[in-house]
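As structure tokens, the structure follows; a few thoughts come after it.
The values are calculated or read from the model by the stated rules, or taken from the named source; none is laboratory data. Predicted model only: the values in this text are computed from it and were never measured. Here Cβ is always computed from backbone atoms with ideal geometry, including for glycine, and neighbour counts include all displayed protein chains.
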Amino acid sequence: MEAYQGDVCVQTADNGADYAVTAKLVARLLDELSPEGTPAVDVPTIERTAADLLGEGTAVWALLARNGDGNAIGVLTLNACAAIYAGGTFGEISELYVLPEYRSSQAGKRLLEAARDFARGKQWTRLEVGAPDQPRWARTVKFYKHNGFDEVGPRLRLRL
């Protein structure tokens, strides 16, 4: 899948060639979300995880936004989920990140549009995303709501 709008192109990551660029963008996201003073993200570990998760036959995909020069400026990762409440299979956005200098370029919106198209192609019933902590990340929630998402509550986790 590849779609240009303005100077931003969104394409499904080439599972072999785009592990490293996907991992670097996800590392930037994690650095931005981490509290100050948290140890730096281990990029080689994230690259290995990206290679494992984005390999052939997995249920995880990455979409990359590229600028007019072909440089990756944003990433959105999706995975297939299933639940009775959702009526079957649906997609979950695990990561969405756009480099700060491109946040006014509509790259995030283009990534969400490409994710919608991808989800429809998979015949998923919905897309879901976990929202970050409030009120610190209120702008993020506003972005998703502006792009058609409904707020349905927080997501909780249990680390194993």
Of all residues in the range 9-29, which are assigned to a strand (DSSP E or B) and surrounded by fewer than 19 Cβ atoms within 10 Å (Cβ to Cβ)? Gln11, Thr12
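Return the residue satisfying two criteria in turn: it lies in the range 54-96 and is of a type in the set (Phe, Trp, Tyr) and touching a Ser or Thr at 6+ places or on another chain (Cβ under 9 Å), and of such residues it is modelled with the lowest pLDDT. Can you show your working first?
Our first condition is that a residue be of a type in the set (Phe, Trp, Tyr); within the range 54-96, this holds for 61, 85, 90.
Adding the requirement that they be touching a Ser or Thr at 6+ places or on another chain (Cβ under 9 Å) leaves 61, 90.
Values: Trp61: 92, Phe90: 95.
Among those that are of a type in the set (Phe, Trp, Tyr) and touching a Ser or Thr at 6+ places or on another chain (Cβ under 9 Å), it is Trp61.
Got a sec? Which of Gly108, Gly55, Gly37 is crowded, with 18+ Cβ neighbours inside 10 Å and either in a helix (DSSP H, G or I) or out of contact with any Cys (no Cβ under 8 Å at 6 or more places or on another chain) (or both)?
Details: Gly55 fails: crowded, with 18+ Cβ neighbours inside 10 Å; Gly37 fails: crowded, with 18+ Cβ neighbours inside 10 Å.
Within the list Gly108, Gly55, Gly37, the selection yields Gly108.
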